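A short write-up of the structure that comes next.
The values are calculated or read from the model by the stated rules, or taken from the named source; none is laboratory data. What you are looking at is a predicted structure, and each value in this text was computed from that prediction instead of being measured. Neighbour counts are summed over all protein chains in view; Cβ atoms, including those assigned to glycine, are modelled from backbone coordinates with ideal geometry.
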Amino acid sequence: MNKIASVLPAELKDILEDTSLLIGPGKEPATDKVDMSVVRQAIRDEKILAIEYRDLKGKPSQRRIWPFALGYFDEVRVLVAWCELRQEICNFRTDRILSSELIHTRYATPRHVLLKQWRATLNEPKVFLIQHMLLGHFIRYAFTFCGRQNDVFQPKSTRVVCSILMPL
């Protein structure tokens, strides 16, 4: 907040100091093993990236991807790309990319079309099972992009109850 306050005009600094919004310290973000400027260049220039990727279970794989978006979260960055191996749009945590090589070949589908296709999938009633580390606690939860936790959904006549299961 100090960085923000340092560039604000005096009248806005007073408003900022009077706010009841409090922001606590976060965890250190994960460290990337590859040069992210190359990844951003591949996105800008619509070029293919050859990557070595290690999944959540530690299994390595070689991929050729068409990167088109980069998402920033508290602790990680996520690269959104068309994966030639899977023939679908996939999310890759950048801290799990072990190596990358810019292939100077433009990918077939323009970035704005891939973005549009990806955004369209966000409204599909897909159910996911995710395991995530958060503050040292292992939590498992099911959710759908179309709803909120603890709601009841009926995608394709299958009743799904979204809930959070906390460990003891």
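Data for the structure
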| quantity | calculated |
| --- | --- |
| Enumeration of residues in region 85-122 that are within 19 Å of the chain's Cα centre (by Cα) and among the hydroxyl-bearing types (S, T, Y) | T94, S99, S100, T121 |
| Selection from region 38-52 of residues that are part of a helix (DSSP H, G or I) and of a type outside the set (K, R) | V38, V39, Q41, A42, I43, D45 |
| Residue match in region 16-34 (condition: modelled with pLDDT of 80 or more, outside any loop (DSSP other than H, G, I, E, B) and surrounded by 12 or more Cβ atoms within 10 Å (Cβ to Cβ)) | no |
